[in-house]
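The values are calculated or read from the model by the stated rules, or taken from the named source; none is laboratory data. Bear in mind that the values here come from a model prediction, so they are computed numbers and not experimental data. Neighbour counts run over all protein chains shown; Cβ positions are idealised from the backbone, glycine included.
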Amino acid sequence: MVQYLKMRKRIVLIFVLCSIFLVILIIRLGFVQLRDGPFLKNLADEEHYRGVPVAAKRGNIVDCNGNILAMSVSVDTVYAIPAEVRKSGKEDEIATLLAETLEMDKQAVKDRITKRTSLEYVKKKIPTETASIIKSMNLPGIGIVEDSTRFYPNDTMAAHILGFTGIDSQGLEGIEYSRDKELTGIPGSILTEYGANGIKIPGGDHEFIQPIQGNTVQLTIDKNIQSFAERELGKIMSGQGMNMEGRIPKNASILVMEPSTGRMLAIATAPTFNPNNYQAFDQSARRNIAIQNGYEPGSTFKIITLAAALEEKVVKTDEVFVDKGYINILGRNIHCWKDGGHGRQTMIEAVENSCNPVFIEMGQRLGMDRFYKYLTGFGFGKKTGIEMAGEAKGILANKKKATALDLATMSIGQTNNVTPIQLLTAVSAVANGGTLLEPQIVQEITSPSGEVIVPFKKEVVQRVISESTAKLTREILESVVTNGTGRRTFLPGYRVAGKTGTAQKVGQGGYIQGDYVASFIGFAPADNPRLVVFVVMDGVPFYGGVVAAPVVQAVMLDSLKYLGVKPDPNAPLAPGKPLYGVEFPAVRKEAIVPSVLGYPRAEGEGILKKEGFKVMVEGTGTTIIDQIPYGDAKVEAGSTVQLYLGAEVGQQTLAPWKEVLDPDIEAIEQFGPRLPISMNQNLLE
């Protein structure tokens, strides 16, 4: 009996243990089936299904009017399934055929198609014709999948803004880099069922996952205004126009900003490159000097000194100054650029004359603390925040170590190092009523369905000067163009304000004689500015008022006409006083450009010439596929219209340079070669 009970207890114990084990097993199976089921199914699918990635096209980059600046076009990529290639036993034959067709090394091709991987790319981004040949060969384990490559239809236009992409369509520079995440789409895939041996299962399942194109990035850049700027840059760098003693600038930049919003309408830099073939250009050509390079601005910086002095009320417009040709600071004489000085003059006349001693006096009256307050308030010494990689922040003299002599030289635009974009942004604050804005390059980002993902937002940094001070500064700067050193920017019928700048370049042990950074910054209309135009030319033998001002004039006139800004009936038709004996033309009529897109070349040219326009033609073919300026654009009557034929789009080169008379060199020399350079030993006694 006792033995029987022991046996029953053992049976019960075994039954309980088995029951517990079965319950645990059931629970575990439940977890595996319900919780881990989808995950395990995906693992199984990954083993059974192998996908050939289908690249998504990058989103377009367009200008503010929707004109395409960068796009993706379809190409093909050759891939191999190594397991299938090895199974066929035709590795040598396949490698030979592919190597000949793709112009590759046979051994390199063979190594790829037999590699111990599930998928291997043989060659990316091949022409459609080559892909068709490979398809017709019907090689085992070799396939073709759709890919895309980046294409810039306007070649060099806005190259420094757009940047470029790499072999895998990843952004490497410019907007392509900064907005790579938004531009990159979601890749798709071609899924095919394979066995455990890596061979495709006959009659197995197939699935195509559609790729999703990237978002469209719309820039603030206006293609037409960018073209105007690049046209003038092309002339500068080819030595056209003003006689510069056979010297071509080392580099040059033209920037155009809408001061009321901070929108950049153009950023043109030379030398440039073609992003379609960026590898063929020297790396230095890809440097965006308008954003990444600093320089001593010279007299264009006097706008900041003037605005600060007016805001702090340390000078009055009717105050009289006497310029004897120099000013003594800490025992050192800093000369005016005019030998003998300007004599007795009002403050406004001193600005018109760009008189160094008067601006130095303004700086001394402001004092170090107040001067630095406006120096930093206008954004110098720090990045503007523009969406461009590698932006420099400039270099400011150490305030704690600065002396009255440093303050004097800083007041006339020397000593400190600034970038063109910093100075443009600062002057735009004067133009818009005293508010410093962050320069914008991206207007908005939209999804493939058209939904706005990132809208435009004006970024206000801070108010720097009052509206009344800004208004007064604009009026004084207008007199610089009408009566002063900026007459070569005068536009009959338009109110233009601006300031010249000429700074000697720093070399070993001092400044380089006869080697200048010439610049001019101007805005119009002066009472309600629509745009600010800034030209900087590095390495020229003449002054900013001679070589840079006419460039601003050309870009500004075409841009104002294009934007539909009509001449002001109350604006002067001629400058107050003739400068260098140059006469200015009368106001010219405006005309509307007819659209000739799609017309045969002869018919399109006939229509334009009948309306009084000159015509320049570029490209091959018989049909007009593009034109600049576009149809319905308002430009000066008799301007040149650039036509593009066929499928080729060349570099945007627009109307020929408007005739500008050469300056009377002797008249310039009578003012003397001395410039506002503080530490040049020739200017210090």
Exercise for the section: Being touching a Phe, Trp or Tyr at 6+ places or on another chain (Cβ under 9 Å), at pLDDT 90 or above and surrounded by fewer than 24 Cβ atoms within 10 Å (Cβ to Cβ) narrows it down to one of Pro492, Pro525, so name that one. Expected result: Pro525
Exercise for the section: Looking only at the stretch 597-607, decide whether some residue is modelled with pLDDT under 90, under 22 Å from Ile225 (Cα atoms) and surrounded by 14 or more Cβ atoms within 10 Å (Cβ to Cβ). Expected result: yes
Exercise for the section: Look at Glu129 and say whether it is assigned by TED's automatic domain parsing to the domain that holds Val78 and either surrounded by 21 or more Cβ atoms within 10 Å (Cβ to Cβ) or over 27 Å from Val217 (Cβ atoms) (or both). Expected result: yes
Handout entry: Which numbered condition Met616 misses (of (1) part of a helix (DSSP H, G or I); (2) outside the structural domain of Leu472 (by TED's automatic domain parsing); (3) modelled with pLDDT under 85)
Key = (1)
Problem - Top-ranked residue of the stretch 528-573 - restricted to ones that are out of contact with any strand residue (DSSP E or B) (no Cβ under 6 Å at 6 or more places or on another chain) and aromatic (Phe, Trp, Tyr), ranked as nearest to Ala429 (Cα to Cα) - result: Tyr562
Problem - Condition check for Lys400: assigned to a loop (DSSP other than H, G, I, E, B), on the phi < 0 side of the Ramachandran plot, surrounded by fewer than 22 Cβ atoms within 10 Å (Cβ to Cβ) and among the basic types (Lys, Arg) - result: yes
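Any residue at all in the stretch 187-209 that is at pLDDT below 95 and closer than 20 Å to Thr446 by Cβ?
The answer is no; no qualifying residue exists.
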Problem - All positions within the stretch 312-331 that are assigned to a loop (DSSP other than H, G, I, E, B) and of a type in the set (A, V, I, L, M) - result: Val314, Val315, Leu330
Problem - Complete set of residues in the stretch 280-336 that are surrounded by 24 or more Cβ atoms within 10 Å (Cβ to Cβ) and either hydroxyl-bearing (Ser, Thr, Tyr) or not assigned by TED's automatic domain parsing to the domain that holds Thr485 (or both) - result: Ser299, Thr300, Thr305
Practice task
Evaluate the following for Lys115: is it surrounded by 11 or more Cβ atoms within 10 Å (Cβ to Cβ), outside any helix (DSSP H, G or I) and in contact with a strand residue (DSSP E or B) (Cβ under 7 Å, 6 or more places away or on another chain)?
Solution key: no
Handout entry: Filter result (over 21 Å from Ala80 (Cβ atoms) and either assigned by TED's automatic domain parsing to the domain that holds Pro275 or in contact with a Leu (Cβ under 8 Å, 6 or more places away or on another chain) (or both)) within the stretch 132-155
Key = Tyr152, Pro153, Asn154
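Could you check the stretch 17-110 for helices (runs of 4 or more DSSP H) lying wholly inside it with 3 or more residues that are modelled with pLDDT of 90 or more, touching a Ser or Thr at 6+ places or on another chain (Cβ under 7 Å) and surrounded by 15 or more Cβ atoms within 10 Å (Cβ to Cβ)?
Here the list is empty.
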Exercise for the section: Name every residue in the stretch 364-380 that is in a loop (DSSP other than H, G, I, E, B) and surrounded by fewer than 18 Cβ atoms within 10 Å (Cβ to Cβ), in order of residue number. Expected result: none
Practice task
Any residue in the stretch 447-464 that's farther than 20 Å from Asp63 by Cβ: show its pairings with residues that are in a loop (DSSP other than H, G, I, E, B) at Cβ separation under 6 Å, as long as the two are six or more apart or on different chains.
Solution key: Glu459/Glu438; Val461/Glu438; Arg463/Gly434; Val464/Phe378; Val464/Gly434
